[in-house]
Amino acid sequence: MNRGSAGFTLIEVLVAMVIFAIATAATASLMFHSTTYLAQSNERSRAIAIAQQVVEDLRTVDYSEMESGSTTVDWKGQSAFFTVHWNVDTDEPEPGMATVAVSVSWHHKGEMHTYETHTIYTDIDA
């Protein structure tokens, strides 16, 4: 056999194919995990925006009319549903103040996720 001829042996081609397959599998796995993380991050951002909207809506209500409640939000027609609960504790931590806790929950791939925020409102007229 003449060692000076151009080309690759069958073994060299098989080794190159195995290396390429391993690199491709690693890249595909990385892309899958990145896409999943991006979807979860998008849902967390939506939950934060919903909680902020509830807090802002409560700011427009007179202090004496603030009350606890809940609702379900369909985010802009997409198939993600968020369950929102808010709890108003009047005269906490002091008289004339109300502690508001807003909790936004949603399901992602069978797992329940929750974002929660707390704020304090003051009755200026008190």
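Give the residue, chosen from 94, 43, that is of a type outside the set (Phe, Trp, Tyr) and assigned to a loop (DSSP other than H, G, I, E, B). Result: 94 is the single residue among 94, 43 that is of a type outside the set (Phe, Trp, Tyr) and assigned to a loop (DSSP other than H, G, I, E, B).
Which residue out of 24, 35 is assigned to a helix (DSSP H, G or I), within 24 Å of the chain's Cα centre (by Cα) and of a type in the set (Val, Ile, Thr)? It is 35. Can you tell me which residue within region 38-87, out of those that are within 16 Å of the chain's Cα centre (by Cα) and among the acidic types (Asp, Glu), is modelled with the lowest pLDDT? The selected residue is 74. So, residue 56, is that one acidic (Asp, Glu) and surrounded by 14 or more Cβ atoms within 10 Å (Cβ to Cβ) or not? Considered against the rule, which asks whether it is acidic (Asp, Glu) and surrounded by 14 or more Cβ atoms within 10 Å (Cβ to Cβ), residue 56 comes out as no.
Which residue pairs have Cβ atoms closer than 8 Å, lie 6 or more positions apart in sequence or on different chains, and pair a first residue in region 61-81 that is under 30 Å from residue 124 (Cβ atoms) and part of a loop (DSSP other than H, G, I, E, B) with a second residue that is polar (S, T, N, Q) and at pLDDT 70 or above? Close Cβ pairs (under 8 Å, with a partner that is polar (S, T, N, Q) and at pLDDT 70 or above) amount to 66/90; 68/87.
The values are calculated or read from the model by the stated rules, or taken from the named source; none is laboratory data. Small disclaimer: the values here were computed from a predicted structure and weren't measured. Using ideal geometry, Cβ is built from the backbone for each residue, glycine included, and neighbour counts are taken over all protein chains shown.
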